[in-house]
Amino acid sequence: MSDLTVEDLFDQEEARERADAAYQEMWARTGESNPQPRLDATRKAVELLGDPHRAYPIIHITGTNGKTSTSRIIESILRATGLRTGLVTSPHLERVNERIVIDGEPVDDQRFADGWDDVKPFIEMVDAELATKDEPALTFFEALTVLSFAIFADAPVDVAVIEVGMGGEWDSTNVADGSVAVFTPIDLDHTKRLGDTVDEIARTKSGIIKDGAIVVTAQQRADAAARLVEAAIAHGATIHAEGEDFGLQKSVPGVGGQLITVQGRAGRYEEVFLPIYGEHQAHNAALAIAAVESFLGDGSVALDADLLAQGLGEATSPGRLQLLGIEPTVLIDAAHNPHGATALVEAVRANFNFEEIAVVVGVLGDKDVDGILAPLATIATRFYVTASASDRAIEADELAERAEQATDPDRVIAVSDPVEAVELAREWADEGTGRGVLVTGSITILGEVLAAAKQSGWAK
C-alpha cells in the first residue's frame, strides 16, 4: 500500500502541471531542428545567473553516434565512485525531465518547474536584448541548456556530464569549459548544419576542445582524427585515442547484455558485465572508462574493480537496443543515420537468434533515408513503414516508396499510425516461431511506441 497522502498526490499533480506548463513555454521557442549557430546569447544568460556552469567540473561529449550511451555510462561509473552527478542528454523519449538527471534520476517535476521559474526572468532579459538587435530569441535548446546548468548548481553536483546538442563549436552547451572532451565516432549527419564531409563535421565538433583539456576519442576516420589532433595541439590539450591508448579487448554476448574486457588508460578490466547489447556499446563503454580515468587522475590511477563493476552494471541506455516487450520480442533503437543503422543490424545479428524480423521504421525528413533503409533491409522479413507525429517526419506512403527500392515491394506495408504499425507487427510475430519486432528510425517513433506499450500493458 502506498504511503502517499491525498495532499502528497495533490502536490505531485500540481508540480506536474507546472512542469508541463514550463515545457510548453520552452517548446514555443525555436525548435531543436533549427539551432542558432551562436554562443553569445547563452553566455549572456548564464552570466546574468552568476555563471552556474562554473560551479562544477564538466565532461563534455560530442560525436555522431553513441553520445547518449557513452554519457550515461560515464555518469554511472562516476556515481559509483561516490560523486554526486549531473547528466544532460537529448532528445527525450517521453518527458523532458529525462534530459536533466541528478544522481541517476531525472529531475522531478517540482525541481524542473522551480528551476524554470528561477531562470525565466533572465532568459527574457536576454530575449529583449536580442530583439533590439533584430536577432531571434533564445531557442528551446539554448533555454534548456541554461536551465540545466542552473539546476546542477542549485543541487549542487560534484561533476556534470554534458552531451552536445548538435555539432560542438557553436552548440549552446559549449559556453562551458569541459576539463575532459570526449568524442564518439564521427560520421555524416546533420549535413545541412554541420557540413557535407566528415572533415567539416569533425572541425565543428572539435570546437569543444578547450585550453589544457584532456581529449579522449573513439577510433576515428583519418580525416576526423587529424582534425581532433590539430585542435588539441592548438589548445595545448592532450589527446588519447582508442586503439592506441586504450581499447576494447573482448566482448562476449550474454543474457541481458555482455561481458567486456577493456584495457583502459591506467588499468585492465577483465570480463565486466555491461547490461546493454551490441559490440558498439562495448566500444562506448571502453571510451567511457577512459574518460573517467582521465577525469579522476589523468589516466594515472586505475579504477577500483568493484566500483567499476557497479557503475557498468547499473548503466542503462533507454531507446538503444532496448528490450521493450516479450512474447513476442520487441526491440526499440534510435538508429537515425546510416552509421547507427549498420551498428544496430550487427548488434541484432550478434545478440538475437531471430528467424524472421518485422522492422517498424519511421524517419525524419532531414535524414539519409536510403542510407538508413539499406542496412535494415538486410534483416527485415517485412517493413512496416510509418510516421511519427513530428512535423519533420516523412509520410508513411512516401517512406514506403523508398523502402520498396531497398527491398521486395511485397515486403513493405505502409501504416500511418506508429502504434497501429507496431500492433500489426506484433500480431505477425505471434503467428510464427522465431519471429521478432524491431522499431527504429527516429527517437520520435520510439517515444510514441514506448508510451503506448506502457499504457497497453505489454511493455516489459
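The values are calculated or read from the model by the stated rules, or taken from the named source; none is laboratory data. Only a predicted model underlies this, so the values are computations on that prediction, with no experimental measurement involved. When we count neighbours, we look across all protein chains shown, and the Cβ atoms used for this are built from the backbone with ideal geometry, even at glycine.
Of note:
- Cross-chain or 6+ apart pairs with Cβ under 6 Å, the stretch 276-295 first and crowded, with 24+ Cβ neighbours inside 10 Å, then at pLDDT 95 or above and of a type in the set (Phe, Trp, Tyr): Ala290/Phe246
- Residue within the stretch 413-420 that is hydrophobic (A, V, I, L, M, F, W, C), part of a helix (DSSP H, G or I) and over 30 Å from Leu194 (Cα atoms) present: yes
- Of all residues in the stretch 333-380, those being in a loop (DSSP other than H, G, I, E, B) and in contact (Cβ under 8 Å) with a residue 60 or more places away in the chain number 14.
- Flag for Asp134 being on the phi > 0 side of the Ramachandran plot and either at pLDDT 95 or above or buried (at least 22 other Cβ atoms within 10 Å of the Cβ) (or both): yes
- Meets criteria (in a helix (DSSP H, G or I), within 21 Å of the chain's Cα centre (by Cα) and within 26 Å of Thr42 (Cβ to Cβ)) for Ala153: no
- If you go through the stretch 381-412 and keep only what is basic (Lys, Arg) and assigned to a loop (DSSP other than H, G, I, E, B), you end up with just Arg392.
- Complete set of residues in the stretch 90-117 that are out of contact with any Gly (no Cβ under 8 Å at 6 or more places or on another chain), buried (at least 23 other Cβ atoms within 10 Å of the Cβ) and either outside any helix (DSSP H, G or I) or among the β-branched types (Val, Ile, Thr) (or both): none
- Entry remark, the stretch 139-162: residues being surrounded by fewer than 22 Cβ atoms within 10 Å (Cβ to Cβ) and of a type in the set (Phe, Trp, Tyr) number 1 in total.
- If you go through the stretch 309-323 and keep only what is out of contact with any helix residue (DSSP H, G or I) (no Cβ under 6 Å at 6 or more places or on another chain) and outside any loop (DSSP other than H, G, I, E, B), you end up with Ala309, Leu312, Gly313, Gln322, Leu323.
- Check on Ile332, buried (at least 17 other Cβ atoms within 10 Å of the Cβ) and assigned by TED's automatic domain parsing to the domain that holds Glu448: yes
- Scope the stretch 156-187; condition under 12 Å from Gly86 (Cβ atoms) and under 14 Å from the mean Cα position of the chain (by Cα); matching residues: Val161, Ile162, Glu163
- Comparison of Gly264, Gly257 shows that the only residue that is on the phi > 0 side of the Ramachandran plot and crowded, with 17+ Cβ neighbours inside 10 Å is Gly257.
- The residue that is nearest to Ala358 (Cα to Cα), counting only those in the stretch 401-450 that are small (Gly, Ala, Ser) and in contact with a helix residue (DSSP H, G or I) (Cβ under 9 Å, 6 or more places away or on another chain), is Gly436.
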